[in-house]
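S.K.: Structure provided below as structure tokens; questions to follow.
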Protein chains: 2
Amino acid sequence: MTKEIFVQMALKSWNIQIKNATKFFDSVDDASLSREIAPGKNTIGYLLGHLIAVNDGMIALFSLGNRQYAHLDEAYVKNPDKLGTEKPDSAGLLSEWKKSNEQLSAYFENMSPEDWFGKHTAMTDQDLISDPGRNKLSVLLNRTNHVSYHLGQLVLAGN
Amino acid sequence: MTKEIFVQMALKSWNIQIKNATKFFDSVDDASLSREIAPGKNTIGYLLGHLIAVNDGMIALFSLGNRQYAHLDEAYVKNPDKLGTEKPDSAGLLSEWKKSNEQLSAYFENMSPEDWFGKHTAMTDQDLISDPGRNKLSVLLNRTNHVSYHLGQLVLAGN
């Protein structure tokens, strides 16, 4: 029971940030993706691809299935914006944002509290014994903060 | 036991964001407080006062004691930057940042898991029965995201 409450709280926190980010992305169009959040800083399009790819990474980290957006890693995670790295599919990213979140929500809804408190693929059984708070749910908390962090930047470039 | 783990996870997430924000504030000086995070947007000093005051609000919301920074609310929470509202003590805010976090840490360390899962002062007993996930710990998760959100903005004005 209490475990379920914790999981619901963390998912609620996640959903609020995704909802706020979606509200922002709904307010811009493809032409806005090249706009910088501040002079010389990341573009809206880069942060959009970055968030999709990083969040999608949880599918692999939680052993939920096959990642759908690993092809975005090179341009939007491994490399910074403006290095001339080709940005694939940037025009379609706004619709992929919603699709990617629907996929994640569907996966998350099927996870039991025990799943959430279990280890993820980047750690060992021993890691979980040493630090039970290092689990899938802690990754979700981190990713939630990560969305907030970039959303704070994105709103600076809003309409 | 699991309740304790979740409290530890939420506090760890909070501490990481506070540590990262402290790293940023350690990198600037009083002269930098008037620098804008982006042209025409909030200044570093405004966001510093804003975070101190909003975080300090948890002392009242959690019935922990008397707030120490309520005098900052008018200039840094109730009003936006640049309205000409006088900003009190802006020169001393960098040292107050650390002091305010030490106070919060001391309070948080003395809270039991039962405290964290109890209602805060802005809700009724019935609210907690209707939604047990609406508790003090959920406020901490929100405030953690709030620090992240503004930290994402602050780093844009970094040295």
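The values are calculated or read from the model by the stated rules, or taken from the named source; none is laboratory data. Everything numeric in this text was worked out from a predicted model, so none of it was measured. Note that we place each Cβ from the backbone using ideal geometry, even for glycine, and neighbour counts take in every protein chain shown. These area figures cover heavy atoms from the full protein model, side chains too; ligands, DNA and RNA do not enter into them. Shrake-Rupley method; radii C 1.70, N 1.55, O 1.52, S 1.80 Å.
S.K.: May I ask you to list pairs of residues, at least six apart or on different chains, whose Cβ atoms are under 9 Å apart, with the first in region B:1-14 being over 11 Å from B:LEU137 (Cα atoms) and of a type in the set (Val, Ile, Thr) and the second being at pLDDT below 95 and part of a helix (DSSP H, G or I)?
M.R.: Note: pairs meeting the criteria are B:THR2/A:THR2; B:THR2/A:LYS3; B:THR2/A:PHE6; B:THR2/A:PRO113; B:ILE5/A:PHE6.
S.K.: Regarding B:SER63, is this residue farther than 27 Å from A:ARG143 by Cβ, open to solvent by 10 Å² or more (accessible area, probe 1.4 Å), outside any helix (DSSP H, G or I) and of a type outside the set (D, E, K, R)?
M.R.: Yes: the conditions hold for B:SER63.
S.K.: Here is a follow-up. Among the residues of region B:32-60 satisfying the criterion of being more than 25 Å from B:TYR107 (Cα to Cα) and among the polar types (S, T, N, Q), which is surrounded by the fewest Cβ atoms within 10 Å (Cβ to Cβ)?
M.R.: The selected residue is B:SER34.
S.K.: Are any residues in region A:133-159 over 18 Å from A:LEU64 (Cβ atoms), assigned to a helix (DSSP H, G or I) and among the small types (Gly, Ala, Ser), and if so, which ones?
M.R.: Matches in region A:133-159: A:SER148, A:GLY152, A:ALA157.
S.K.: Follow-up. What pairs can you find where one residue is in region A:141-159 and more than 7 Å from every other protein chain (Cβ to nearest Cβ) and under 20 Å from A:MET9 (Cβ atoms), the other is assigned to a helix (DSSP H, G or I) and open to solvent by 10 Å² or more (accessible area, probe 1.4 Å), and their Cβ atoms are less than 6 Å apart, with a gap of 6+ or different chains?
M.R.: Close Cβ pairs satisfying both conditions: A:VAL147/A:GLN17.
S.K.: Does B:ASP26 meet the test of being acidic (Asp, Glu) and buried (at least 16 other Cβ atoms within 10 Å of the Cβ)?
M.R.: no
S.K.: Against the condition within 14 Å of chain B (Cβ to nearest Cβ) and under 15 Å from the mean Cα position of the chain (by Cα), how does A:LEU72 come out, does it pass?
M.R.: When the stated conditions are applied, A:LEU72 does not pass them.
S.K.: Given the conditions (1) assigned to a helix (DSSP H, G or I); (2) crowded, with 18+ Cβ neighbours inside 10 Å; (3) modelled with pLDDT of 95 or more, which single one is not true for A:ALA75?
M.R.: A:ALA75 satisfies all of (1) assigned to a helix (DSSP H, G or I); (2) crowded, with 18+ Cβ neighbours inside 10 Å; (3) modelled with pLDDT of 95 or more except (3).
S.K.: Determine whether region B:122-132 contains at least one residue that is in a helix (DSSP H, G or I), crowded, with 16+ Cβ neighbours inside 10 Å and within 14 Å of chain A (Cβ to nearest Cβ).
M.R.: Yes, some residue in region B:122-132 is in a helix (DSSP H, G or I), crowded, with 16+ Cβ neighbours inside 10 Å and within 14 Å of chain A (Cβ to nearest Cβ).
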